Amino acid sequence: MWLRFILGIALVLTLDGQASAYRAYVSNERSNTVSLIDTDAWKVVKTIKVGQRPRGIAYTKDQKYVLVACGDDDTIQMIDTGTNAVADTLPSGPDPEFFTASPDGKFLYVANENDNTVTIIDIARREQVGAVQVGVEPEGMAMSPDGKILINTSETTNMAHFIDPAKREVLASVLVDQRPRFAAFTPDGSELWVSSEVGGTVSVIDPVKRVVKDKIEFAIAGMRSDPIQPVGINITSDGKLAFIALGPANHVAVVDVKSHKVIKYLLVGQRVWHMAFTPDGKYLLAANGVSNDVSVIDVAALKVVNTVQVGELPWGIAMSDH
Amino acid sequence: MKRAGFFFILFVIGSALIAPVRAADTRYPDWPCVQPKVPELSTASMWDGPSIAAVGDGWQNDPKVKDLVELIAARRTPMDAAQKAIAEFITGTADEKQQKAKEVFAGVFDTLSAQRSEVMDGLERVSRKEMDLATKIEADVNNLHALEDKPNADQAKIKTLASEVEWSTRIFEDRRKTIRYVCDVPTTIEQRIFGLARAIKQTLN
């Protein structure tokens, strides 16, 4: 009886411990690996060997795979999240860098950096089903919350292209500042935010009128403007706060989404690139390419609370949803 | 020397000249690296601790701070040994700790920034030498070409000049490899400053 009681408590404690632990997969561009971080222990529990130059990384909707774009191998590898080994590949087209999925998780839209193309892949069939010609050096990819508009940014053409994913054609292109890297919709879909790495700004676009309605600029006391290079954008699920990774400025800017005003700058690691929230929204993880680590930001406290060493040149992060 | 030989040399030089002479940023025409040139580092990108503006070079007045900075800035000192030395030195009351931390960080930043500038100046110096050598090789190859085209070509002269071109090309290639390797050093120094800054800041938490 007592034994059963103790075992019962132990089981509850174990389950409770597991419940808060998510899994974050970090692509390491130079070491050709993916680091698996346990968000309970805040440490790397496994390092997975992948193809060459892994950058874009995301879970499939069913959480069975983590997809990682291996640019120098011209393929997207599928890591089985049960075995944590590469199990299959997707025909991504040349030099895949970044991708996004349709809301139902069936299709993948891939930016082919050296081919001025967005390739469309049927994930279940592992087949290319179409392609859309876009500007030079396509990079950022985002899907509107209703799944009707696909956004691609082209680094050299300096545009955000509005694509109809059903018709597979470009509907409109909006000029932004130099070298647009990343695009994100606010959760309600009312605004599209596009970061410009060289321009040093984030353009706020009205997705209905398809015009830039505001530009967010950044200034860090004691720092020249040239290292301030915005890349990753992550907006909280309540749509209140946006976090902007400022690249070699080694800071993440916290922006009030409603007013577009910067509230705070957080010193993270060197060359901060892409980020991911834990599903409970408590933490934001940021990949730091030069210091080879991941910073853990406490979202409520707006403070860096931990640092996890990963592989060389960490680029992106995929977070499990449970 | 046969014409095919010339073309081979021209090919080697042609392919060698492209990489180091190409400057990605027009502001820094002598900068030979793929990595963008960032002439100066700012403390703000490394440090969010108490302001070091008032410290200046005052950190040099305390021999203990000076010794510690020398030890932890040196690449031969492993990072965990540096972290340990920092933690052992930055102790005392909250005020004392703040003062020590500011001085140590100012020392690390000054010392390693100066080293970084030296490396970067060196890279540009070697890059300029490479460009001069490239010009010389190009002229020598043209001369060689002209000599060979003469009806009564002086074979001895051709041989000497050809051998000179070969040597210059070899030196050019060796330097190019060295440049590529040294281009990583400024980043390595930045990583060191950042890692040390983090360790110093941690003693204040």
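The values are calculated or read from the model by the stated rules, or taken from the named source; none is laboratory data. Everything numeric here is computed off the predicted structure, so don't read it as measured data. For neighbour counting, all protein chains shown are included, and Cβ atoms are generated from backbone atoms with ideal geometry for every residue, glycine included. The protein model used for the area step is the full one, side chains on, heavy atoms only, and it has no ligands, DNA or RNA in it. Shrake-Rupley method; radii C 1.70, N 1.55, O 1.52, S 1.80 Å.
Would a scan of the range B:128-137 turn up a residue that is in a helix (DSSP H, G or I), of a type in the set (Asp, Glu), closer than 30 Å to residue B:162 by Cβ and open to solvent by less than 40 Å² (accessible area, probe 1.4 Å)? So far as the range B:128-137 goes, yes, one or more of its residues are in a helix (DSSP H, G or I), of a type in the set (Asp, Glu), closer than 30 Å to residue B:162 by Cβ and open to solvent by less than 40 Å² (accessible area, probe 1.4 Å).
For residue A:212, are the conditions met, namely being more than 11 Å from chain B (Cβ to nearest Cβ) and open to solvent by 20 Å² or more (accessible area, probe 1.4 Å)? Write out each step before concluding.
Numbers: more than 11 Å from chain B (Cβ to nearest Cβ): yes; open to solvent by 20 Å² or more (accessible area, probe 1.4 Å): yes.
Yes; evaluated as a whole, the condition is true for this residue.
Summed over the range A:241-268, residues that are within 22 Å of residue A:224 (Cβ to Cβ) and of a type in the set (Gly, Ala, Ser) total 4.
Starting from residues that are facing chain B (nearest Cβ under 9 Å) and of a type outside the set (S, T, N, Q), keep the ones in the range A:238-253 and report whichever is farthest from residue A:298 (Cα to Cα). Even if it seems obvious, please write down each step before you answer.
The first filter runs over the range A:238-253 and keeps only residues facing chain B (nearest Cβ under 9 Å), leaving A:248-251.
Those still in the list that are of a type outside the set (S, T, N, Q) too: A:248-249, A:251.
Values: A:248: 21, A:249: 20, A:251: 15 Å.
Taking the candidates together, the pick is A:248.
For the range B:138-156, taking the residues that are under 33 Å from the mean Cα position of the chain (by Cα) and among the aliphatic types (A, V, I, L, M), the one that is surrounded by the most Cβ atoms within 10 Å (Cβ to Cβ) is identified as B:141.
Could you list all residues from the range A:134-174 that are free of Cβ contacts under 8 Å to residues at least 24 places away in the same chain and either over 19 Å from residue A:71 (Cβ atoms) or not polar (S, T, N, Q) (or both)?
Looking only at the range A:134-174, we keep the residues that are free of Cβ contacts under 8 Å to residues at least 24 places away in the same chain, and these are A:136, A:148, A:156-157, A:164, A:166-167, A:171.
A:136, A:148, A:157, A:164, A:166, A:167, A:171, listed by residue number.
Meeting the requirement of 1 or more residues that are under 27 Å from residue A:266 (Cα atoms), the strands (runs of 3 or more DSSP E) wholly within the range A:159-238 are A:180-185, A:192-196, A:201-206, A:211-217, A:233-235. Checking each residue in the range A:272-291 for being assigned to a loop (DSSP other than H, G, I, E, B), under 18 Å from residue A:42 (Cα atoms) and free of Cβ contacts under 8 Å to residues at least 60 places away in the same chain picks out A:281, A:282, A:291.
When we screen B:187, B:178, B:160 for residues that are part of a helix (DSSP H, G or I), among the hydroxyl-bearing types (Ser, Thr, Tyr) and open to solvent by less than 50 Å² (accessible area, probe 1.4 Å), the only hit is B:187.
In the range A:239-271, which residue that is in a strand (DSSP E or B) and open to solvent by 40 Å² or more (accessible area, probe 1.4 Å) is nearest to residue B:45 (Cα to Cα)?
Initially, the range A:239-271 is screened for residues in a strand (DSSP E or B), giving A:241-245, A:247, A:251-256, A:261-267.
Cutting the leftovers down to open to solvent by 40 Å² or more (accessible area, probe 1.4 Å) gives us A:256, A:261-265.
Numbers: A:256: 22, A:261: 21, A:262: 17, A:263: 18, A:264: 14, A:265: 11 Å.
Among those that are in a strand (DSSP E or B) and open to solvent by 40 Å² or more (accessible area, probe 1.4 Å), it is A:265.
For (1) under 25 Å from residue B:205 (Cα atoms); (2) more than 14 Å from chain B (Cβ to nearest Cβ); (3) more than 19 Å from the chain's Cα centre (by Cα), each residue gets a yes or a no:
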| position | (1), (2), (3) |
| --- | --- |
| A:218 | no, no, yes |
| A:222 | yes, no, yes |
| A:235 | no, yes, no |
| A:293 | yes, no, no |
| A:300 | yes, yes, yes |
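Looking only at the range A:66-110, residues that are surrounded by fewer than 23 Cβ atoms within 10 Å (Cβ to Cβ) and more than 24 Å from residue A:168 (Cα to Cα) come to 12 in all.
Step by step: first the residues of the range B:56-85, then only those that are in contact (Cβ under 8 Å) with a residue 24 or more places away in the chain and within 14 Å of another protein chain (Cβ to nearest Cβ), then the one that is surrounded by the most Cβ atoms within 10 Å (Cβ to Cβ). Which residue is that? Please lay out each step first, then the result.
If we filter the range B:56-85 for residues that are in contact (Cβ under 8 Å) with a residue 24 or more places away in the chain, which is where we start, we get B:56-60, B:62, B:64-66, B:68-70, B:72-73, B:75, B:79, B:82-83.
Subset that is within 14 Å of another protein chain (Cβ to nearest Cβ): B:79, B:83.
Numbers: B:79: 13, B:83: 18.
Once the filter is applied, the top-ranked residue is B:83.
Residue check: residue B:198 meets all listed conditions (1) in a helix (DSSP H, G or I); (2) in contact (Cβ under 8 Å) with a residue 60 or more places away in the chain; (3) within 14 Å of another protein chain (Cβ to nearest Cβ) but one, namely (2).
Just to check your reading of the model, which residue among A:122, A:115 is surrounded by fewer than 21 Cβ atoms within 10 Å (Cβ to Cβ) and in contact with a Lys or Arg (Cβ under 9 Å, 6 or more places away or on another chain)?
Working: A:115 fails: in contact with a Lys or Arg (Cβ under 9 Å, 6 or more places away or on another chain).
Just a single option satisfies the conditions, and that option is A:122.
Considering the conditions (1) touching a residue at least 24 places away in the same chain (Cβ under 8 Å); (2) within 30 Å of residue A:246 (Cα to Cα); (3) surrounded by 21 or more Cβ atoms within 10 Å (Cβ to Cβ); (4) out of contact with any Gly (no Cβ under 6 Å at 6 or more places or on another chain), residue B:45 is excluded by exactly one of them, (1).
Only residues that are closer than 22 Å to residue A:219 by Cα, open to solvent by less than 40 Å² (accessible area, probe 1.4 Å) and either more than 10 Å from chain A (Cβ to nearest Cβ) or not aliphatic (A, V, I, L, M) (or both) were counted in the range B:30-42, giving 2.
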